[in-house]
Amino acid sequence: MGMSGEAVDDIIRLRSGRGRALLAAMALGSGMAFLDSTVVNVALPTIGRDFDAGMAALQWTVNAYTLMLASLILLGGALGDRFGRRRIFLIGVAWFTVASVLCAVAPSVEVLVVARALQGIGGALLTPGALSILQTSIHPDDRAKAIGAWAGLTGMSGVVGPLLGGWLLEFDWRWVFWINVPIAAVTVWLTRRCAPESRQLRPEQSFDWAGAAFGAVALGAGTYALIAAADAPEPGPLVGAMVLTITAAAAFLRRQATASAPMVPLSLFADRTFSVINAMTFAVYAGLSGVMFFLVIHLQVSLGWSPLAAGLSSLPITLLMLLLSGRSAELATKVGVRLPLVAGSVIGGVGTALLTTAAPGSSYVTAVLPGMTLLGIGLVILVPTLTATVMSSAPAELAGVASGVNNGVSRAAGLMAVAAIPAMVGLAGTSYADADLMTAAFRGAMLICAGLLVAGGALAAFLLPMPGAKLDHEATEEAGETSAPCPAPGLPPAHGH
């Protein structure tokens, strides 16, 4: 037997050959989904030229995936709990792979967007499964080490992604999706050989299908309204989308308040810290997602960089997160949560504002590296504390749900940012392909993103209760063991190790 309330076939020691193979399988599966989010952003200008696509099509290429992932990730975790985490993980990997093939052979941008949405469904099935399989299959004495290693190995795709993606884009952007096929084949083979099955011993619990549907409709309609606002020929469809968004959101909230087994228990938000931290998560991850979306397009279109060079621009953030997040995780145990949350957000905001100096003729060392380094330092300080605070503010019996909610909030933030910011800075149609227009829009976008990061810090500074509250070592360890990854595109998973 594994954890309380669980059925597990057997428990595995990490040092065994089976344990190492299981860790590799889970890291490959998670890394495959993470790799795509890293590389697709880099490929956007190339995809736009190949399909003669406008800004809205590029936004949907990113957001179709994020929309389905954000809407269904909690449901994916619940399906694993009920029907078996190994089974749902394998279904997710297979689904993700078939959708990747559809992306690779897409004859039009419309087909590509549909295939990306299907990828998101696969991602929602496999992403929560990887961490929960490790949590329930690895021996308790090895569990923290296993999940820490998983986080590091998955985060390495943030290093490999720009290198591999930039190299593949030198040939054809479609190889960005074909590469998933061999990765998935190895993942399935290892998982079938090494992963035991596990499930919750509560088969009578129902699924909140209605809540998932209402949430997906609200996010989808809201995303459409924000993207279409830039170049909609008439207001009718926009008004309809806004009405549908409000109606679906209200239905979602009512469902969560009345369902016997809600997807998002509203009681979690009765805790002020949990509510503030999730609001902060939305602001911070909206800013980060905006940076990652705009930067690689700007560097290729306005500065004439290659896809490889543009992809590598974010490497300082990834390296800093991988090398230093573990050490910074203990900061909140010594100085309290408020200082790291505020300082990390402000430092990241300053770094983002510095990126406005990147213009045609600029060098990486003077115009990009300082801003990316400061942004990375800010994230190193901020993200582990953010994750640990979410976990410590939720009841122990709802820790997994709290992690899933925070994960969903971060992805919804990225969805809204990529949908809204282009219209706010005047990008519509194919204007992103004009170097002068893109340069001006990029500066405005970076200021908006910097403002979002600083706003996140302000929420922590003025709304968090108990300014001197500190996290104990058990809280940071719990965050590392139970939280699902919620990185912005191009960033490694964050854990409290």
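Each reported figure results from applying straightforward, stated rules to the coordinates on display, with no laboratory input. As the structure is a prediction and not an experimental result, all values here were calculated from the model. Using ideal geometry, Cβ is built from the backbone for each residue, glycine included, and neighbour counts are taken over all protein chains shown.
Odds and ends about this structure:
- Square roots of five times the Cα gyration tensor eigenvalues for the stretch 208-260, Å: 26, 9, 6
- Taken over the alpha carbons of the chain as equal point scatterers, the Debye sum produces base-10 log I(q)/I(0) values at 0.06, 0.07, 0.08 Å⁻¹ of -0.24, -0.33, -0.44.
- Counting charges near Leu72 (Lys, Arg +1; Asp, Glu -1) among other residues having Cβ under 12 Å from its Cβ returns a value of 0.
- The charge dipole of the chain, taken about the Cα centre with unit charges on the Cβ atoms of Lys, Arg (+1) and Asp, Glu (-1), comes to about 680 debye, rounded to the nearest 20.
- Ranked by the mean number of other Cβ atoms within 10 Å of their residues, highest first, the peptides 73-82, 167-176 come out as 73-82, 167-176.
- Values of log10 I(q)/I(0), in the order q = 0.14 Å⁻¹, for the stretch 1-198 under a Debye, Cα-only, solvent-free model: -0.76
- Dipole magnitude (debye, nearest 20) for the stretch 1-198, charges at Cβ of Lys, Arg, Asp, Glu: 560 debye
- Helix-only CD estimate at 222 nm, as mean residue ellipticity for the chain, using -39500 (n - 2.57) per DSSP H run (n ≥ 4): -25000 deg cm²/dmol
- Potential lengthening between Asp436 and Ala185 on full extension [0.36 nm per residue; Cα-Cα distance subtracted]: 85.9 nm
- Note on Arg192 and Arg254: the extension gain reaches 18.3 nm, defined as 0.36 nm multiplied by sequence separation minus the Cα-Cα distance.
- If a spin label sat at a point 7 angstrom from the Cα of Leu398 along the line to its beta carbon, no backbone N atom of the stretch 206-223 would be nearer than 11 Å.
- D (Stokes-Einstein, µm²/s), Kirkwood Cα radius, the stretch 207-353, 1.306 mPa s at 10 °C: 83 µm²/s
- Taking a point 7 Å from the Cα of Trp178 along the Cα-to-Cβ direction, the residues of the stretch 80-114 with backbone N closer than 17 Å to it are 97-108.
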